[in-house]
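The values are calculated or read from the model by the stated rules, or taken from the named source; none is laboratory data. Please read these numbers as outputs of a predicted model, since none were measured by experiment. Cβ placement follows ideal geometry from the backbone for every residue including glycine, while neighbour counts extend to all protein chains displayed. Note: accessible area is taken over every heavy atom of the protein model, side chains too, but ligands, DNA and RNA are not part of it. Shrake-Rupley method; radii C 1.70, N 1.55, O 1.52, S 1.80 Å.
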Amino acid sequence: MAASVPAYIGVGSNLGEPRAQVLAAFDALAALPHTQLVARSRLYRTRPFGPVKQGDFINAVARLETGLSARELLAAIRRIEAAAGRIRDERWGPRTLDLDLLLHGDAQIDTPDLTVPHPGIAERSFVLAPLRDVAPGLVVPGAGPVEDLLGALPADGIAEILDA
C-alpha cells in the first residue's frame, strides 16, 4: 500500500432522499479499503449549479486519509455513485449522488479522465464552505487558501442545515 495522503471528496445529492444519501455516502467512503474517514463537514442546502432547472442540493465534504492513488479513489467513488443509482446522462443535471474527488494530497493532475484539484473548486461556495469545515487552513494547489477563496465569493445560495 502506498503512503497515506489526505483526500477530500465533495458529496452532493438532490434526488430521492438527499440528506440520507449524503449520510450514506459518508459511510460508504469510510468503508473503502486502505482509507479512513477523518472528518465530515456540516450539511449545506445549496442552489443547483449550471443551466438545468432542478431542486436544491444537499452538499458536504468528506476528509479522508487514504493509501489509494487518485485514480483508484476516483474508480471507488464512481462505484459508490453507481450503487446509489447515479446515472450520468445530463451535465449539471439532478442526481441521486454526486461524489467529486476535490483534492488528493498536493497532487496536480490534468488528464482527460481526471483533473485534481477539481475544476472550478475556487469558484464554488457549495464546495468551499464544507471544505473549510474539515480543513480550515487548507491551501488548494494552484488556487490559494480555502478561506480566501470562499471570502471572494458571494455568500448567497448556501445555508447550513442545522439538524444534520
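Structure values in brief
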read-out: Residue within region 144-163 that is in contact with a strand residue (DSSP E or B) (Cβ under 8 Å, 6 or more places away or on another chain) and free of Cβ contacts under 8 Å to residues at least 12 places away in the same chain present; value: yes
read-out: Odd one out for residue 45 among (1) open to solvent by less than 70 Å² (accessible area, probe 1.4 Å); (2) out of contact with any Pro (no Cβ under 8 Å at 6 or more places or on another chain); (3) farther than 19 Å from residue 105 by Cβ; value: (1)
read-out: Filter result for the condition that a residue is without any contact (Cβ under 8 Å) to a residue 24 or more places away in the chain, in contact with a Lys or Arg (Cβ under 9 Å, 6 or more places away or on another chain) and not hydrophobic (A, V, I, L, M, F, W, C), over 40, 95, 78; value: 78
read-out: Residue satisfying all of: in region 114-142; among the small types (Gly, Ala, Ser) and open to solvent by 50 Å² or more (accessible area, probe 1.4 Å); farthest from residue 46 (Cα to Cα) among these; value: 142
read-out: Where residue 60 falls short, out of the listed (1) open to solvent by 10 Å² or more (accessible area, probe 1.4 Å); (2) in contact with a Lys or Arg (Cβ under 8 Å, 6 or more places away or on another chain); (3) at pLDDT 95 or above; (4) not aromatic (Phe, Trp, Tyr); value: (1)
read-out: Residue check, residue 114 out of contact with any helix residue (DSSP H, G or I) (no Cβ under 6 Å at 6 or more places or on another chain) and either among the β-branched types (Val, Ile, Thr) or closer than 23 Å to residue 33 by Cα (or both); value: no
read-out: Flag for residue 97 being at pLDDT 95 or above and not β-branched (Val, Ile, Thr); value: no
read-out: Any chance residue 37 is in contact with a helix residue (DSSP H, G or I) (Cβ under 7 Å, 6 or more places away or on another chain), aliphatic (A, V, I, L, M) and open to solvent by 40 Å² or more (accessible area, probe 1.4 Å); value: yes
read-out: Single unsatisfied condition, residue 109 versus (1) surrounded by fewer than 17 Cβ atoms within 10 Å (Cβ to Cβ); (2) at pLDDT below 95; value: (2)
